Amino acid sequence: MSKLAELNTDDLKDLYRELILDHARNPRNFGPLRSATHRARGANPLCGDTLELYLELDADEVVRAARFEGTGCAISLASASLLTETVAGLPRHLALQWFEQVTASLTGGRSEFDLGKLMALQGVREFPARVKCATLPWHTMRSAFQQQATTATTTTE
Amino acid sequence: MSHATLAFDKNALDVRSDFPSLTQSVNGQTLVYLDSAASAQQPNTVIEAVQQYHEHDHANVHRGVHSLSHRATEAYEGARDKLCGFLNAASRREIVLTSGTTESINLVAQSFCRPRISAGEQILITHMEHHSNIVPWQILCEQTGAELVVAPIDNRGQLDTDALRELLTEKVFLLAIGHVSNALGSVNPVREIISWAKDLDIPVLVDGAQAVPHMAVDVKDLDCDFYAFSGHKMLGPTGTGVLYGREALLEDMPPWQGGGDMILEVRFDGTVYNDLPYKFEAGTPNISGVVGLGSAVDYLQAIGLTRIAQHEQALLEYMTGQLAGIDGLRLIGTAREKASVQSFLVDDIHPHDLGTILDHQGVAIRTGHHCAMPVMDFFNVPGTARASLALYNDRDDIDRLVAAIRKAQEIFA
């Protein structure tokens, strides 16, 4: 058998950081939300993964709770889990700003926000085929705010 | 040397150096390509045939009196003759050149079935079909009020042939069945199944996309009415494919698309359609692609489909054994009769994560639903990882696959 060149796993370790693996194994806020006022379904037609995102907004349009359920890879589960932690307590307009900032940062742009834990998702920038896994929950959240009846997909226009 | 090793060596092919794409490095490692069921790599001879055509022979076919048009026509129609021999069809009139399996099946749905089928009649398929052998029939059923009926599979991913036989009744207008499952690798006993259908005068379409590069196909021996496949899965260019159709059936079918080349005379008060097979080939075809496909037929036949099948069977057996030896790996699709494909899941690692980690080690596999979502639903999984073989793979490829899976398990440990 041919001798393998030394495997450089730095990029892989950057993609599958401990924080990502932790959120993928134990997603936070996982499950339905009966009190949801907004919800949307996200689908990745490439792999068939789907997720359902629930938001509860109060009269002042502040996100009181965010939960999700569905199937997905480690990247999409961790991204959804981190999303629910990030937007809980935020007013709608600020949550939507987070959508802009996070998706921009994952697709090669720069964020003006301090992304905190969400920086752990930055590893996908080296894996173009996986960017959509990370952005899907955020697109789904935007759909939920817009109360679009249609399913969000991972188009990242 | 063990007996098994000797047997393997006897069957081994040494063709890797014919495939230039396989010499490259991916992410610092020599490429291990295990995604031929999605699309196969091309040998030098195919690439050169296409280049030769572009450099010297390109013109439109069936049109000009000039030399280049003549050469282009010879090359294009020569490929049709090769395909006719490849399938052992009775006549070149039975070889319709299409853009691929998908178009071939849609052609049968719209041209053969749609004008004749009645509401309440049935199209019978199986649970293991690729989306391209499901959706054209769903569209047909929406258009006509016909009903789509699905024959079940078992937990090993094998067709329940008894159930299929019971479903074959006089209500069935057409049986459309895959020769080899793209997601599971199961080989269906199509010859026997076709004989059951023939007893009831039910026409049969076989989706041969996953069969043609791996085994000798003889449409006369199968006695099928239609056989559909794609060029790019059998070492040819993308955008090429074939619909074999029994001549008497094709004769009676209306054109599939209208345009140039499919006509003899066009007048505003009526048009006379061209003869077979041109009646079904409207517009300028994919000439260079078909030239490449003809070259792919030459290449496969020079090596011999029987030798290729033996090599791949031995390799599949080795791969299945090696994969089964990995703790936490679950094989999906363990039919008794299989060809070239193994789907699997590793621990609770999502197939996409596995695919990324393998790619990072230079190992290309397919991950996801493989355009067979009903199969995924049956096994209650969102998708699988799938390693698929071709004649250019060898044991080293399998060893690299296994090592790469173990690395993924380390990362997710």
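The table below lists the values:
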quantity	calculated
B:Ser295 vs. criteria open to solvent by 10 Å² or more (accessible area, probe 1.4 Å), outside any loop (DSSP other than H, G, I, E, B), in contact (Cβ under 8 Å) with a residue 40 or more places away in the chain and in the same structural domain as B:Leu159 (by TED's automatic domain parsing)	yes
Filter result (part of a loop (DSSP other than H, G, I, E, B) and touching a strand residue (DSSP E or B) at 6+ places or on another chain (Cβ under 6 Å)) within the range B:185-199	B:Gly185, B:Asn188
Within the range B:334-413, helices (runs of 4 or more DSSP H) holding 3 or more residues that are open to solvent by less than 10 Å² (accessible area, probe 1.4 Å) and modelled with pLDDT of 95 or more	B:351-360, B:395-411
Cβ-Cβ under 7 Å pairs, at least 6 apart or on other chains, the range B:272-289 side under 19 Å from B:Glu55 (Cβ atoms) and touching a residue at least 40 places away in the same chain (Cβ under 8 Å), far side open to solvent by 10 Å² or more (accessible area, probe 1.4 Å) and outside any loop (DSSP other than H, G, I, E, B)	B:Ser288/B:Val50; B:Ser288/B:His54
Condition met for B:Glu48 (more than 26 Å from the chain's Cα centre (by Cα), open to solvent by 70 Å² or more (accessible area, probe 1.4 Å) and within 21 Å of B:Thr240 (Cα to Cα))	no
Test: B:Asn106 is within 26 Å of B:Leu315 (Cα to Cα), under 16 Å from the mean Cα position of the chain (by Cα) and buried (at least 18 other Cβ atoms within 10 Å of the Cβ)	no
Of residues in the range A:53-74 being within 14 Å of chain B (Cβ to nearest Cβ) and crowded, with 18+ Cβ neighbours inside 10 Å, the one farthest from B:Thr367 (Cα to Cα)	A:Gly70
Subset of the range B:234-271 that is in a helix (DSSP H, G or I), in contact (Cβ under 8 Å) with a residue 60 or more places away in the chain and among the aliphatic types (A, V, I, L, M) - its residue that is farthest from B:Tyr53 (Cα to Cα)	B:Leu249
Verdict on B:Arg71 being over 30 Å from B:Arg330 (Cα atoms), of a type in the set (Lys, Arg), modelled with pLDDT of 95 or more and open to solvent by 50 Å² or more (accessible area, probe 1.4 Å)	yes
Subset of the range B:131-159 that is over 22 Å from the mean Cα position of the chain (by Cα) and without any contact (Cβ under 8 Å) to a residue 12 or more places away in the chain - its residue that is most open to solvent (accessible area, probe 1.4 Å)	B:Glu142
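The values are calculated or read from the model by the stated rules, or taken from the named source; none is laboratory data. The model shown is predicted, which means the values in this text are computed figures rather than measured ones. All Cβ positions, glycine included, derive from the backbone under ideal geometry; neighbour counts span all protein chains shown. Quick note on the areas: whole protein, heavy atoms, side chains included, nothing else; ligands and nucleic acids left out. Shrake-Rupley method; radii C 1.70, N 1.55, O 1.52, S 1.80 Å.
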